Structures are given as C-alpha cells and as structure tokens.
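First up is the structure itself, then whatever we jot down about it.
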Ligand SMILES: Nc1nc2c(ncn2[C@@H]2O[C@H](COP(=O)(O)OP(=O)(O)OP(=O)(O)O)[C@@H](O)[C@H]2O)c(=O)[nH]1
Ligand SMILES: [Mg+2]
C-alpha cells in the first residue's frame, strides 16, 4: 500500500469502532461465550488484538468463515493450528445451514462445564448467551441470519453495515450481533494489506492502484497459475513488476484510453473486484506456519 494510504490510517478506525470496543467491554460480562469470526482466507490478519484482549477470559470459539472462498487444505491446517493452541475452532460458510450445527457443537463443547452446572442446578432452560464479534464484513450478521433461519440482522457486501448492537433470540440461544471492528495500529503492512484485499477496510480510504499491485504481487507469489490462466499471461509477463503486470492485465482486457495508454485505475478496480468475487477460485493468502 502506498504512503498515501498510511496517512489516511486514522480513517481505518473511525469513532464508531471505538464505541463498539466500549460496548464489547460493557457487555462481555453479560455473555457466556464469544464467537469470533475470522476470514478463512486471512486467519492471522483477521484476528483483532483489541477483541482478543476484551474477550480473553471468556470461553471462545474461533470460526473460520467464508471457507467456501478459501483453499480447503489450508483451512484444515488452520483449524488444527487453533485447536493445538488450545482454542475451539470450526470452519464454516455462514450462508450454509450446516454452519449452525458446527457452531452449536463447538460452543457447547467450550461451555461443557457451565452447561453441566446448569443441569445440576436445574437451570438448564437458561439461554446460552453468545457475543458474535470480528472485523468488518467477515459475515457476523449473515451467520446470525442463517442461525435464525431468516433476516433478523442487516447484512451486505461492504464493511461497516451493522452500526449498533442487536440481540437475536433463537431457540435456547441469545446471540449478540456487534458492528465489525478494526484496531488502531496494524502490526505490519502485510496485515493492513490483507484486510484491504478482502474488503474489510472501506475502499474510499485506500489507493486502488496500490491495493491492486499489492494483491497482484501476492497472487504472483502464491497462485501464479490461477493468475496466468484468467488473464492469459505468459511466464515472462508473470515476471514483470506489479505495476507493469497491472498494465499488462489492463491491456489484455482492452482497457485503453486515447493514445493506447492503459487505464490502470480501471484495471485495478476490475482485478480487485474479481478477486473478491472469487473469480480465481479458492484462495488463501496466509499459512499457519510461516
Ligand atoms: N462467500 C461467502 N460470503 C459470505 C459468507 N458470509 C458472509 N458473506 C458475505 O459477506 C458480506 C458481509 O456479510 P455481513 O454479514 O454483512 O458481515 P458483517 O460481519 O456483519 O459486517 P459488518 O456489520 O459490516 O461488520 C455479505 O455480502 C455476505 O453475503 C460466507 O461464508 N461465504
Ligand atoms: Mg453486520
């Protein structure tokens, strides 16, 4: 990402996110467990350290969501990785009904001791209260809607859709939908870039050509064959530096301006859109073991 993007860093963490962190802090004592949604394409970068801090003392289930967009073998490695480090973890696709049973099973495993105590006390009718948290656009509201079997929470294909907290009761569960939240200082440019690639940072604070060249660089490293196939790129073209590669992609797609100059901005928008629309198939940008 360009320097320009870094200057605008402040807008990655607008006031409403600070408010969300406070809400979380207030409500954490009112829930039995935390469901932290991560994006299966970038499990490490989507783990929010601020959320980790607030939820540290609660039973927690990590949910690798959008696993339909991620490389299945690497997702399986990530599930093992989280489980080995002592956390509960399941991989789901929020839009799929099967997600509900996996998550319920995961939560009830994390809450086994509490549920047993309730049984003994004769209060097993009490609702299981779960706070659903994660970065913007990761699929929290979509998951809640699938769980509820209907549109209870607003969900859409852009970050920052949920603006306030909302309780949704389904059977013996009370689910708390929360707005997505980022954190103030990303530990690396890689983390910031990954969040931007998948659309968790609002595009209007980003420089689209920097975003596209960054993503082209990653795809060249990790999935050159997918890139070559979609844009009919030769081995030589794959060796180009990212900006020249963007230019080549724009040319292949006939995105020319007067004088035959490639409209790299249009090419950038097109490439990022295609990546987000999973036109390259299932892609995971981070491995559990570096
Ligand atoms: N392919 C795929 N898309 C998903 C999945 N879950 C959610 N989405 C899509 O991701 C987009 C964001 O979903 P939301 O449920 O609004 O995300 P959110 O986490 O509630 O977002 P904020 O409220 O903005 O923090 C929507 O277009 C969903 O349809 C999934 O498992 N797979
Ligand atoms: Mg939402």
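The values are calculated or read from the model by the stated rules, or taken from the named source; none is laboratory data. Quick caveat: nothing in here was measured; it's all calculated off a predicted structure. Cβ sites come from the backbone with ideal geometry, for glycine too, and all protein chains shown count toward neighbours.
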If I filter the stretch 126-145 for residues that are in contact with a helix residue (DSSP H, G or I) (Cβ under 8 Å, 6 or more places away or on another chain), surrounded by fewer than 18 Cβ atoms within 10 Å (Cβ to Cβ) and part of a strand (DSSP E or B), do I get at least one hit? yes
Some residue of the stretch 72-89 being crowded, with 21+ Cβ neighbours inside 10 Å, outside any strand (DSSP E or B) and on the phi > 0 side of the Ramachandran plot: no
Test result for residue 254, farther than 23 Å from residue 38 by Cβ, at pLDDT 95 or above and not assigned by TED's automatic domain parsing to the domain that holds residue 47: yes
Would you say residue 190 is away from ligand 1 (no atom under 16 Å from the Cβ), surrounded by fewer than 18 Cβ atoms within 10 Å (Cβ to Cβ) and within 19 Å of the chain's Cα centre (by Cα)? yes
Consider the stretch 48-64. How many of its residues are surrounded by 18 or more Cβ atoms within 10 Å (Cβ to Cβ) and in contact with a strand residue (DSSP E or B) (Cβ under 8 Å, 6 or more places away or on another chain)? 9
From the option list 125, 149, 164, single residue qualifying as more than 9 Å from ligand 2 (Cβ to nearest atom), at pLDDT below 95 and more than 22 Å from residue 20 (Cα to Cα) is 125
Total residues in the stretch 200-236, condition more than 15 Å from residue 280 (Cβ to Cβ) and outside any helix (DSSP H, G or I): 6
